[in-house]
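K.L.:
Got a structure for you, questions after.
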Amino acid sequence: MADLKKLHDAVLNGDAKTAVAVTQALIAEKMDPAVLISETMIPAMAEVGRRYECEEYFVPELLLSARAMKGALELLRPLLAETGTQPTGRVVIGTVKGDLHDIGKNLVSSMLEGGGFEVTDLGVDVAPEKFVAAVQQKRPHIVCLSALLTVTMPAMKTTIEALKQAGVRDQVKVLIGGAPVTPEYARGIGADGYGENASVAVTVARQICAGAPA
Ligand code: B12
C-alpha cells in the first residue's frame, strides 16, 4: 500500500515528483480520490499555510507546494469527473480579478464536473466583464466566484454589480467561496450562495438547480 503520509509530506515539502509518483501508486491501488484530496492533500496545504503565517515558509515554498498539489490533482481530476451521471446544470467558474490562487477553484471545478455539471472554467484573475461575457455566451445556471485574498474579495461584489449592469443578474445564481469568504459576506454582497469547500459547492449547486433556496 503506497503511503498516504508520503503524499502528505510530498505536498508539504513541495516535492512534485514524489507527489505524482505516490498518487499514481495510490490510484493503482484503487484509493478513493476524494479521500486522497480531502484527508491528505488539503490538510498538507493547510499546514503549508500555517507555516507561511509563522514565517517558516515564504512564497517560493508556497509555489513548490502548489506545484506538487497541482501535479497530483491533474491525475485525480479525470477520476473525479468519472463519477458523474446525468448532466445537472451549466456552471461558469473563475478566480476573481487580481487573484491568482486556483487550487481550490480547480478542485471545485473538478468536483462539479464529477457531480455532472458542465463547467466552463475562466481561470484566474478574471475581470468582471469576462464573467459577464461568459454568462451571455454560455447561459449558465450558476456563476462560481473564488477569492483567496481579503484584498480581492471586493472583486466578487464588483462582479455581481457588473452582472446587474449588463442585465443578466436575474438569469444566473451566484455562488461564492474561498478561504476568507463567509456566509455573512456572501449575503452582504448579494450572492445567492456560499460553499466552504468543494463538496459543499456541489451540494449547494444541486440545490440551486433543483430550484431550492441556496
Ligand atoms: C498556495 C498558495 C499560494 C500560491 C497559489 C498557487 C495557485 N496556483 O493557486 C502562490 C504562491 C501563487 C500564492 C501567492 C500569494 N499568496 Co497565497 N496562499 C497559498 C496557500 C498556502 C494555500 C491556498 C490553497 O491552495 N489552499 C488549498 C485549497 C484546496 O483550499 P482553498 O483555496 O481554500 O479552496 C477550498 C475552499 O476555500 C473552497 N473554495 C475555493 N474557491 C471556491 C469557490 C466557490 C464558488 C466555492 C463554493 C468554494 C470555493 O473550496 C476549496 C476546496 O475545498 C494559502 C494559505 C491558506 N491556508 O489558504 C495562501 C494565502 C491565501 N496566500 C496569501 C498571500 C498573502 C499571498 C500573496 C499576496 C503573497 C505575496 N506576498 O506575494 C500572493 C498573492 C498572489 C495573487 N495575486 O493572488 C495569504 C492571504 C492573506 C489574506 N487574508 O488575504 C494566505 C492566506 C497565506 C497567509 N496565511 O498569509 N499563494
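The values are calculated or read from the model by the stated rules, or taken from the named source; none is laboratory data. Here the structure is a predicted model, which means the values were calculated and not measured. Cβ sites come from the backbone with ideal geometry, for glycine too, and all protein chains shown count toward neighbours. In case anyone asks, the SASA skips ligands and DNA or RNA and just uses the protein heavy atoms, side chains included. Shrake-Rupley method; radii C 1.70, N 1.55, O 1.52, S 1.80 Å.
K.L.:
Taking every eigenvalue of the Cα gyration tensor of the chain, multiplying by 5 and rooting it, what semi-axes result, largest first, whole Å?
P.N.:
Over the Cα atoms of the chain, the ellipsoid semi-axes are 30, 20, 13 Å.
K.L.:
Please compute the per residue accessible area over the chain with all protein chains in place, 1.4 Å probe, rounded to a whole number of Å².
P.N.:
Per-residue accessible area for the chain comes out at 50 Å².
K.L.:
Suppose every K and R has +1 on its Cβ and every D and E has -1 on its Cβ; what is the size of the dipole of the chain about the Cα centre, in Debye to the nearest 20?
P.N.:
640
K.L.:
Can you run the Rg to Rh ratio on the stretch 129-185? Use alpha carbon positions and the Kirkwood inverse-distance Rh.
P.N.:
Reported Rg/Rh, Kirkwood definition of Rh: 0.96.
K.L.:
If you don't mind, another one. Taking a cut-off of 29 Å between Cα atoms, list the lysines near residue 157, but don't count ones fewer than 8 places away on the same chain.
P.N.:
Cα-Cα hits under 29 Å: 70, 97, 105, 130, 138, 173.
K.L.:
Rounded to whole Å, give me the distance from the Cα center of the stretch 39-94 to that of the stretch 139-213.
P.N.:
Using only Cα atoms, the two centres lie 20 Å from each other.
K.L.:
Something else about it: In Å and whole numbers, how far do the C-alpha atoms of the stretch 41-82 stretch along each principal axis, longest first?
P.N.:
Its Cα atoms span 39, 17, 8 Å along the three principal axes.
K.L.:
Could you give log10 I(q)/I(0) at q = 0.10, 0.20, 0.25 Å⁻¹ for the stretch 120-214, computed by the Debye formula over C-alpha point scatterers of equal weight, without solvent?
P.N.:
-0.22, -0.97, -1.55
K.L.:
Determine the share of the chain's accessible area contributed by carbon and sulfur atoms, expressed in whole percent, with a 1.4 angstrom probe.
P.N.:
Within the chain, the accessible surface is 55 percent carbon and sulfur.
K.L.:
Could you name the lysines in cross-link range of residue 5, using Cα to Cα under 16 Å and dropping any fewer than eight places away on the same chain?
P.N.:
Those lysines meeting the cut-off are 17.
K.L.:
P(r) tail for the stretch 9-78, what percent of Cα pairs lie past 13 Å?
P.N.:
Summing the P(r) of the stretch 9-78 above 13 Å gives 60 percent of all pairs.
K.L.:
Could you grab the relative contact order for the chain? Cα pairs under 8 Å, six or more apart, rounded to a whole percent.
P.N.:
Once normalised by length, the contact order is 16 percent.
K.L.:
So, one more: In deg cm²/dmol and to the nearest 500, what is the mean residue ellipticity at 222 nm of the chain if only DSSP H runs of at least 4 residues count, each as -39500 (n - 2.57), divided by the residue total?
P.N.:
After summing the helix terms and dividing by residue count, I get -16000 deg cm²/dmol.
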